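Enquirer: Right, I'll just put the structure down here and ask away after.
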Amino acid sequence: MKIYAGCDHAGFKLRTAVMEHLREKGYDVEECMSHELNDDDYYSDAAYEVADKVAKDPNSKGILICGTGIGMSIAANRNRNIRAALCHTLYDAELTRLHNDANVLCLGERVMEKELALEIVDKFLTTDFSHFERYEKRIERLK
């Protein structure tokens, strides 16, 4: 599975750790935006780039990281083909995949420990959408 990973300056360290973690697990990870730490970058630029790439590649997923994850989730969800979810727990990550078929995970470097973030990433990427009819209908109403 292809993973597109983006961040702003406030999520740079965690995004680097997430990409390393995913590559060790054999995922194909593409770094988007912020190849170097830059205090003048904008979370919206990273979110739009990742969202566009995920929207064009339905078999892929995206991971966006900023200080809280809030800005990234707002910006990514502007793309009609994206269901970006801000997750703080393993339960959040599991349910957003099962019920919402989220295709972009948003995390906040300033609000969680790296170990928990990596567990959330793993849960998000290994949980499949349930395909229950009621959930499919809910997603269809978003389009």
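Enquirer: Can you pull out every residue in segment 81-95 that is under 15 Å from residue 61 (Cα atoms) and assigned to a loop (DSSP other than H, G, I, E, B)?
Expert: Residues satisfying the conditions are 81, 82, 83, 87.
Enquirer: Which condition from (1) touching a Cys at 6+ places or on another chain (Cβ under 6 Å); (2) under 26 Å from residue 134 (Cα atoms); (3) open to solvent by 10 Å² or more (accessible area, probe 1.4 Å) is the one that residue 93 breaks?
Expert: That leaves (3) as the condition not met.
Enquirer: Residue by residue through segment 42-80, note down the ones that are part of a loop (DSSP other than H, G, I, E, B) and farther than 15 Å from residue 14 by Cβ.
Expert: 42, 57, 58, 59, 60, 77, 78, 79, 80
Enquirer: Here is a further query. For residue 98, are the conditions met, namely being within 23 Å of residue 57 (Cα to Cα), surrounded by 20 or more Cβ atoms within 10 Å (Cβ to Cβ) and modelled with pLDDT of 95 or more?
Expert: no
Enquirer: Looking at segment 101-115 only, could you name the residues that are surrounded by 15 or more Cβ atoms within 10 Å (Cβ to Cβ) and either over 14 Å from residue 64 (Cβ atoms) or among the hydrophobic types (A, V, I, L, M, F, W, C) (or both)?
Expert: Selection gives 101, 102, 104, 105, 106, 107, 112.
Enquirer: Confirm whether residue 128 is within 23 Å of residue 1 (Cα to Cα) and loosely packed, with under 12 Cβ neighbours inside 10 Å.
Expert: Against the criterion (within 23 Å of residue 1 (Cα to Cα) and loosely packed, with under 12 Cβ neighbours inside 10 Å), residue 128 qualifies.
Enquirer: Could you list, in sequence order, the residues of segment 97-121 that are in a helix (DSSP H, G or I), in contact (Cβ under 8 Å) with a residue 12 or more places away in the chain and of a type in the set (Asp, Glu)?
Expert: 109, 119 - these are the residues of segment 97-121 that are in a helix (DSSP H, G or I), in contact (Cβ under 8 Å) with a residue 12 or more places away in the chain and of a type in the set (Asp, Glu).
The values are calculated or read from the model by the stated rules, or taken from the named source; none is laboratory data. Not measured: the values here are computed from a predicted model. All Cβ positions, even for glycine, are placed from backbone atoms using ideal geometry, and neighbour counts span all protein chains on display. Please note that ligands, DNA and RNA were not included when accessible areas were found on the heavy atoms of the full protein model with its side chains. Shrake-Rupley method; radii C 1.70, N 1.55, O 1.52, S 1.80 Å.
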